[in-house]
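Worksheet for the structure shown next.
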Amino acid sequence: MVDDVPLSRIRKIIHLRPSDWALLAKALVLTATMRVALSLCSFSTVLAWVERAAGRRSPRTPSRDEVRHVAWAVSVASRFVIAATCLTQALAAKCILDRRGISSTLRMGMAKAGPATIEGHAWLECEGEIVLGGGELDRYAEMLAWHGKNR
């Protein structure tokens, strides 16, 4: 399997800073936790858990790089979690950002996918910029915008 991975990608992974490894580990644990929680609990229970896990932090303005770094970590981690949906990823990233005192908004929308089917999509925004789940968002009618208590 290693033969399929470009050497540049392997070098990049090997040379990650310890802080990147720590963020990646946190993203992996939270992504897997969100995946399991969404399978076993109601959505409102998961949202309440995310709020409790965030705790009360003083809001702060993040750097774009910090927010992108969290999105990167969750995106990479999601490749190792079976069925890590857009909602799973958005919740994991929101949890990490909230713990850092960075306000973000979880948005969910629905779109008609066929004559008798609809599909849902979740994405995360921070300061008006899409952090995770972007692309073709104009197809979706927004049904939920959840800020959590750090706003």
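The values are calculated or read from the model by the stated rules, or taken from the named source; none is laboratory data. What you see is a predicted model; the values in this text were computed from it and never measured. Positions of Cβ are generated from backbone atoms using ideal geometry, with glycine treated the same way; all protein chains shown enter the neighbour counts.
Keeping to segment 28-39, report how many residues are touching a helix residue (DSSP H, G or I) at 6+ places or on another chain (Cβ under 9 Å) and more than 15 Å from Met108 (Cβ to Cβ).
Start the filter on segment 28-39 by keeping residues that are touching a helix residue (DSSP H, G or I) at 6+ places or on another chain (Cβ under 9 Å), which leaves 28-35, 37-38.
Checking which are more than 15 Å from Met108 (Cβ to Cβ) leaves us with 28-33, 35, 37.
Matching residues across segment 28-39 total 8.
Report yes if Val76 is in contact with a helix residue (DSSP H, G or I) (Cβ under 8 Å, 6 or more places away or on another chain), farther than 16 Å from Glu125 by Cβ and among the β-branched types (Val, Ile, Thr), otherwise no. Steps first, answer last, please.
On the way: in contact with a helix residue (DSSP H, G or I) (Cβ under 8 Å, 6 or more places away or on another chain): yes; farther than 16 Å from Glu125 by Cβ: yes; among the β-branched types (Val, Ile, Thr): yes.
Yes; evaluated as a whole, the condition is true for this residue.
What strands (runs of 3 or more DSSP E), lying completely within segment 110-151, carry at least 1 residues that are charged (D, E, K, R) and closer than 18 Å to Glu66 by Cα? So that I can check it myself, show each step before the final result.
Numbers: elements: 118-126, 129-132, 141-146.
Here the list reads 118-126, 129-132.
Considering only segment 115-151, state which residues are at pLDDT below 85 and not small (Gly, Ala, Ser). I'd like the intermediate steps shown before the answer.
Here is the first cut: in segment 115-151, the residues at pLDDT below 85 are 135-136, 148-151.
The answer is Glu136, Lys149, Asn150, Arg151.
Taking segment 110-151, which residues are surrounded by fewer than 14 Cβ atoms within 10 Å (Cβ to Cβ) and in contact with an Asp or Glu (Cβ under 6 Å, 6 or more places away or on another chain)?
Ala113, Lys149
I need a count of the residues in segment 108-151 that are touching a residue at least 24 places away in the same chain (Cβ under 8 Å) and within 21 Å of Ser63 (Cα to Cα).
13
For Thr85, state whether it is hydroxyl-bearing (Ser, Thr, Tyr), within 19 Å of Gly134 (Cα to Cα) and crowded, with 20+ Cβ neighbours inside 10 Å. First the steps, then the outcome.
Working: hydroxyl-bearing (Ser, Thr, Tyr): yes; within 19 Å of Gly134 (Cα to Cα): yes; crowded, with 20+ Cβ neighbours inside 10 Å: no.
Judged against the criteria, Thr85 is not a match.
Tell me whether segment 50-59 contains one or more residues that are in contact with a strand residue (DSSP E or B) (Cβ under 9 Å, 6 or more places away or on another chain) and closer than 18 Å to Ala90 by Cβ. Give the steps one after another, and end with the answer.
If we filter segment 50-59 for residues that are in contact with a strand residue (DSSP E or B) (Cβ under 9 Å, 6 or more places away or on another chain), which is where we start, we get 50.
Of the ones still in play, those that are also closer than 18 Å to Ala90 by Cβ are 50.
Among the residues of segment 50-59, at least one is in contact with a strand residue (DSSP E or B) (Cβ under 9 Å, 6 or more places away or on another chain) and closer than 18 Å to Ala90 by Cβ, which makes the answer yes.
If you scan segment 30-60, which residues turn out to be on the phi < 0 side of the Ramachandran plot, touching a residue at least 24 places away in the same chain (Cβ under 8 Å) and not in a helix (DSSP H, G or I)?
Across segment 30-60, the qualifying residues are Arg56, Arg57, Ser58, Pro59, Arg60.
Could you grab me the full set of residues in segment 96-144 that are over 26 Å from Thr33 (Cα atoms), among the small types (Gly, Ala, Ser) and touching a strand residue (DSSP E or B) at 6+ places or on another chain (Cβ under 8 Å)?
Of everything in segment 96-144, those that are over 26 Å from Thr33 (Cα atoms), among the small types (Gly, Ala, Ser) and touching a strand residue (DSSP E or B) at 6+ places or on another chain (Cβ under 8 Å) turn out to be Ala111, Ala113, Ala141.
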